[in-house]
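I have placed the structure first, in the form of structure tokens, so that the comments after it can refer back to it.
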Amino acid sequence: MPIVYVRDLELIKTITVKDFEYFTDHRTDFFESRESIWSKPLVILKGQRWRDMRATVSPAFTSSKMKNMFVLVNECSEQLLDFLEQSYQQPLETGYKIKRVKELYTRYTNDVIATTAFGLKVDSLKHPTNEFYMMGQDATSFGSIKFLIFLSIPKVMKFLGINLIPGKITQFFKTLVLDTVATREREGIIRPDLLHLLIQAKKGTLHEEDSAEDQKGAKINDEDIIAQSLQFFLAGFDTSSTLMSFVSYLLAIHPDVQTRLQEEIDKTLKKHDGKFTYEMVHSMKYLDMVVSESKSEHQNFPKEEAAVETVGALEDRYGDWHLIVGHHRQLKKWTQGDETLRLYPPGAAVERVCVKNYTLKSDPPLELRPGDNIMIPIYGLQHDPNYFPDPERFDPERFSDDNKHNINPMTYIPFGLGPRSCIGNRFALMETKSLLAHLLSRFSVKVISKTPVPIKVIQKGFNVTAEGGFWLGLEKRTT
């Protein structure tokens, strides 16, 4: 099957936004399974079924829903800080508490997902071999060779009955979700988590913020709820902890940036009476620049472009990709901007599958057929010196208010672009910022003898990571 690599920014915009209807799908054959559940996660769905499901689950990821779930995320952040405080009371061989921080953060993200997606309270730091965490490790620990085999011969693997995710793991989460849903429906339990929102979607009572109308979209059943919960788990278990690890590494080798960030955290905490709230975490501009700035921009496409039709048509087509705001119902597009994700995006590339005959206006023009694959090199674009001067340098000032307007949004796409961008990016950024705000308020991250400088980035399964792991020291702050 042909694969076309696209680097031209106008072509990228055309494929992912303007002529999106020709490139609506992902390649998902490597996830083929005899288990019907694995045909139902949002990322796997295609065509109209994807549109309907995206419209159904989108209200679960609005800012108001994130604010409600922040309470649960905050509890996990405090749980991790309490564990570190207790650990620090034990005798130290050096002035630092040495940690393999990726494992520390993976346990944190595991607990966040357990409570927000499955309604399960877990403490993977105090109980390191709990079943939920061990299942998560098994689900995401397949290596690059296994992944490559599934990419190369997916139909053979399906015929042999070999799944990328082992059957026992699917059954564990299936039982967990079904039992939890049954208990909640029987006892009328309401909890501010993703599972509750999916139950609302099943009943058809989930609606957009600032709207009293129930959301229209796909009708979902218990198997759909299991599938979306599993996707949320697999997408967030390792990806977010890897982002946290890269941020910590960069702060350790750039102590001036870390000091400035800690000063902002201290000042903001004081302003909010020492309390970590949704508003407190999202009010810190420098934290945004280092980790996760969200900026809203009006997307000004020329009128002749198909991307701007009518608001109603866009609502029908793309669900939550846009937000309708203000009494003029202006179209707004959300993009993400931060220096860590520019240097170390979760994936090296993003792909689209052509679904209808299409002429790509390249030079010379290229005829595409249904099934042809398009690859957009995220890592290459975000490390291109034409777009980011001195691209290997860690410089949060690239995303300051004075400079961020110089960044072409087509060159910075760590969460993808257009209607099929990552639906959970707000949540991933929220849990990352919550963790770092808590951690840096009480600790400093330090380079130790085991810290590789520079690190060597390698591909492992779906994600990138550091060869040999992320070894860092944690030093208790005295002020």
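The values are calculated or read from the model by the stated rules, or taken from the named source; none is laboratory data. Note that the coordinates shown come from a computational prediction; the quantities given were computed from them, not determined experimentally. Positions of Cβ are generated from backbone atoms using ideal geometry, with glycine treated the same way; all protein chains shown enter the neighbour counts. Note: areas computed on protein heavy atoms with side chains; ligands, DNA, RNA excluded. Shrake-Rupley method; radii C 1.70, N 1.55, O 1.52, S 1.80 Å.
Excluding residue 190 itself, what net charge comes from residues whose Cβ is under 15 Å from its Cβ, given Lys and Arg +1 and Asp and Glu -1?
+3
Under the 0.36 nm per residue contour assumption, what length would be gained going from the current alpha-carbon distance of residue 35 and residue 87 to full extension?
Between residue 35 and residue 87, full extension yields 14.5 nm more.
State in Å² the accessible area per residue of the range 428-479; use a 1.4 Å probe, count heavy atoms of protein chains only, and round to the nearest integer.
Working: 2100 Å² over 52 residues.
On a per-residue basis, 40 Å².
Give me the one-decimal nm value for the distance between modelled label points at residue 270 and residue 392, 7 Å along each residue's Cα-to-Cβ direction.
4.0
Tell me, what % of the accessible area of the range 42-95 is carbon and sulfur with a 1.4 angstrom probe?
49
Net charge around residue 347, counting only other residues with Cβ within less than 15 Å of its Cβ (Lys, Arg = +1; Asp, Glu = -1)? Mind showing how you got there, number by number?
Details: positive: 27, 342, 352, 420, 460; negative: 238, 351.
Its environment carries a net charge of +3.
What list of ³J(HN,Hα) values in whole Hz, one per residue of the range 191-198 in order, does the Karplus curve 6.51 cos²θ - 1.76 cosθ + 1.60 (θ = phi - 60°) give from phi, with Gly and Pro shown as x?
These are the phi-based 3J(HN,Hα) values: 9, x, 9, 4, 4, 4, 5, 5 Hz.
Residue by residue through the range 60-75, what is 3J(HN,Hα) from phi via Karplus (6.51 cos²θ - 1.76 cosθ + 1.60, θ = phi - 60°)? Round to whole Hz and write x for glycine and proline.
Taking θ as phi minus 60°, the curve returns 6, 10, 6, 4, 5, 6, 4, 4, 5, 6, 4, 4, 5, 4, 4, 4 Hz for the range 60-75.
Report, largest value first, the span of the C-alpha coordinates of the range 424-467 along each principal axis, in whole Å.
Between the extreme Cα coordinates on each principal axis of the range 424-467 lie 29, 27, 12 Å.
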